[in-house]
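**Q** Below you'll find the structure I mean.
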There are 2 protein chains.
Amino acid sequence: MTENGKILAERILSGDRMAVAKAISRIEDEADNYQRLLDLIYYAVGKAYRIGITGPPGSGKSTLTNYLAKLLRSEEKKVAIIAVDPTSPFTGGAILGDRFRMHELTMDTGVFIRSMATRGSLGGLAAKALEVADILDAAGYAYIIFETVGVGQVELDIAEAADTTLVMVVPEGGDIIQGLKAGLMEIGDLFVVNKSDRPGAHQMQRDLEYVLHLRESAVEWHPKVLLTVAHKNQNIDKVRYEISVHKRFLEEKNRLQGKRNKRLRRRVEMLVRSEMENSFWNEERLNKLATYLQKDHKKRSPYRLAQEMLEELLKRF
Amino acid sequence: MTENGKILAERILSGDRMAVAKAISRIEDEADNYQRLLDLIYYAVGKAYRIGITGPPGSGKSTLTNYLAKLLRSEEKKVAIIAVDPTSPFTGGAILGDRFRMHELTMDTGVFIRSMATRGSLGGLAAKALEVADILDAAGYAYIIFETVGVGQVELDIAEAADTTLVMVVPEGGDIIQGLKAGLMEIGDLFVVNKSDRPGAHQMQRDLEYVLHLRESAVEWHPKVLLTVAHKNQNIDKVRYEISVHKRFLEEKNRLQGKRNKRLRRRVEMLVRSEMENSFWNEERLNKLATYLQKDHKKRSPYRLAQEMLEELLKRF
């Protein structure tokens, strides 16, 4: 990292939007030494409160995020929104439509909005979203909202990285089953039945409360199920209030620190994994694998090949 | 591996159902040396044709799988069904209901049915499903059907491991958007609009064909979109026929081998990754990480910690 990196880090710490945008691009492009930049700003990370908002497409996440961000802005807090879409490039346009609704917010210099889509492997997307959050955290954004599409591993990873996770559903039945299936019930700290002016909203609320009740004995936190109509800005203030209740709950008994320690552990594990993999697959080993795929795979199972390739190395661990 | 392992391997290769069940339990429990067992049977792997069937809950996957398996049985082929449910233990009961519909099949000794649910980490589930498939392949099952719930990373991993992947939807609109979002459009070799006696089926078929058409220029294979009513056994013969058409397509120009090579590459990479991680996190390093989480994380970023822990090691790579 040149002097350039240090200057960029200082500009980020002073809250310079251009510097933040530049740093995010470096992360997305995996530019040389971008981790060094993260290292330089890391001491200032940890002040932001991180909120995850997840739910199926069409449940109104962007609209709710929009009004929630406005509320937080009215408290004079800087707000960042990271919209993560693990959609393939083929269908990557979809989320852009949602962004238009945020037009008003984009005029506000106290708000930073960034969409992140997958480029190639899904594996790195959640990790990158967390690195982007660190930049925004260091730049003084008091609230960082992750908005994710729904039900995959990327979303679960991001939910684990949020302090409060809000799960959205709509009154129509299918979503709840989807949500249950994908483990969303476990990750939600707060549930919202949006579009609650449509039939079935109260039934959905009762169903959710019932299912949440089943798991209650094991946990200290009892998630609320709220009814909202996001596009009419109805009950978003209640959402904001319940987030603050959960925040206070976490701040008691060192729970927030515990949650963040877990997050940190996962970060270190992820970094170690990707560094080891990058180092392992050098030219010699890639050639060996290519030869195996070409003609040797009838002689040895993948288990034996992996073992052979690792044998010498693992002794040095 | 004791003599026991060799005997078990021989029994598997002779098609002994009890031995197959035992081997699968070893894989699920990660019993000592289960990889050695996979190594012993590996030379006999590769004869089975692997079919992935995926779609949202309630789209009729089990019912279609049921009739498809019967059709394949009528051709005197042994059939195995692996139902993979990446549901959390909390909601793990759901898929069992579906299994009841397969009662008739379970009476047939030429059919092997196994449900696999996540136990702890999702990461290992897809890998284990593929290992189970290898056992069944070596035991002489000519068709292996993976049935998966839908839209997560586990399902995508399994789809990559199938020779032909069939994506199911129902006429009601939401599913297609879900599917698009999760990248199901890219992984499908064949699409089925099930419950096509309900309104909107033809529209859904046209919509799917249109979206598939958009990507067509880039690919050699043009997926069909079929209409079925699985619970009335309608058009399952067409599904079976289109699978055979896709199979023939793959068998031309070495495509099947290419696909399987890619699968093998991923297997080796996965094995290397998990072995390295297991070896890396020895007691000393776990202690270092614990200390960091307890009190040192304000001094160093996770990037620096990971780098420090890896520094000496990576030199030896």
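**Q** Taking a label point 7 Å out from Cα toward Cβ, give me the nm distances from B:E30 to the same spot in the other copies, shortest first, one decimal.
**A** Those label-point separations list as 2.6 nm.
**Q** Run the reach check for A:K247 against lysines, Cα to Cα strictly under 22 Å, same-chain hits fewer than 8 apart removed. What comes back?
**A** Output for A:K247: A:K47, A:K61, A:K70, A:K77, A:K78, A:K224, A:K238, A:K259, A:K262, B:K298.
**Q** Assign one of three labels to the stretch B:204-317, namely rounded, prolate or oblate, based on the Cα gyration tensor with a ≥ b ≥ c the square roots of its eigenvalues; rounded applies when a/c is under 1.5, prolate when it is not and a/b is larger than b/c, and oblate otherwise.
**A** Verdict is prolate for the stretch B:204-317.
**Q** Related question: List, shortest first and in nm to one decimal, how far the label point of B:K238 (7 Å from Cα along Cα→Cβ) is from its counterparts in the other copies.
**A** When each copy's label point is compared with this one, the spacings are 4.7 nm.
**Q** Would you mind calculating the gained length between A:R304 and A:M107 on full extension (0.36 nm times residue separation, minus the Cα-Cα distance), in nm to one decimal?
**A** 65.1 nm
**Q** Would you please give the FRET efficiency between A:Q234 and B:R73, computed as 1/(1 + (r/R0)^6) with r the Cβ-Cβ distance and R0 = 56 Å, to the nearest 0.05?
**A** Once the sixth-power term is evaluated, E becomes 0.50.
**Q** I've got another one for you. Hey, what did the stretch A:1-88 get for relative contact order, percent, Cα under 8 Å, at least 6 apart?
**A** Result for the stretch A:1-88 is 21 percent.
**Q** State, to one decimal in nm and shortest first, how far the label point of A:A290 sits from each corresponding label point in the other identical copies (label point: 7 angstrom along Cα-to-Cβ).
**A** 4.5
**Q** Once you list every other residue whose beta carbon is under 12 Å from the beta carbon of B:E251, what net charge do they have if Lys and Arg are +1 and Asp and Glu are -1?
**A** +4
**Q** Suppose R0 equals 56 Å; then what is the FRET efficiency for B:S14 and A:E160 from their Cβ-Cβ distance, rounded to the nearest 0.05?
**A** 0.75
**Q** Calculate the translational D of the stretch A:1-44 in whole µm² s⁻¹ from Stokes-Einstein, where the hydrodynamic radius comes from the Kirkwood formula applied to all Cα pairs, the temperature is 37 °C and the viscosity 0.692 mPa s.
**A** Rounded to a whole number, D works out at 323 µm²/s.
**Q** Distance from a point 7 Å along Cα→Cβ of B:F317 to each backbone N in the stretch A:253-291: keep the residues under 17 Å and list them by number.
**A** Residues A:268-289 qualify, since their backbone N sits under 17 Å from the label point.
**Q** Charges only on Cβ, +1 for Lys and Arg, -1 for Asp and Glu: so what's the dipole of the stretch B:1-44 about the Cα centre, in debye to the nearest 20?
**A** The dipole magnitude comes to about 160 debye.
**Q** Nearest 20 debye, what's the magnitude of the dipole of the stretch B:242-317 about its Cα centre given +1 on Lys and Arg Cβ and -1 on Asp and Glu Cβ?
**A** 420 debye
**Q** Among B:V79, A:V211, A:V192, what is the fewest-to-most ranking by other Cβ atoms within 10 Å?
**A** Starting with the residue having the fewest Cβ neighbours, the order is A:V211, B:V79, A:V192.
**Q** Next up: Working out 0.36 nm times the residue gap between B:D29 and B:S115, then minus their Cα-Cα distance, what length gain in nm do you get to one decimal?
**A** Length gained between B:D29 and B:S115: 29.5 nm.
**Q** Take A:D296 and A:W221, extend 7 Å from each Cα along the Cα→Cβ direction, and tell me the distance between the two endpoints in nm.
**A** Here the answer is 5.0 nm between the modelled labels.
Read the figures in this text as sums done on the coordinates, not as results from a lab. The shown structure was predicted, so the numbers you read here are calculated from the model rather than taken from an experiment. Here Cβ is always computed from backbone atoms with ideal geometry, including for glycine, and neighbour counts include all displayed protein chains.
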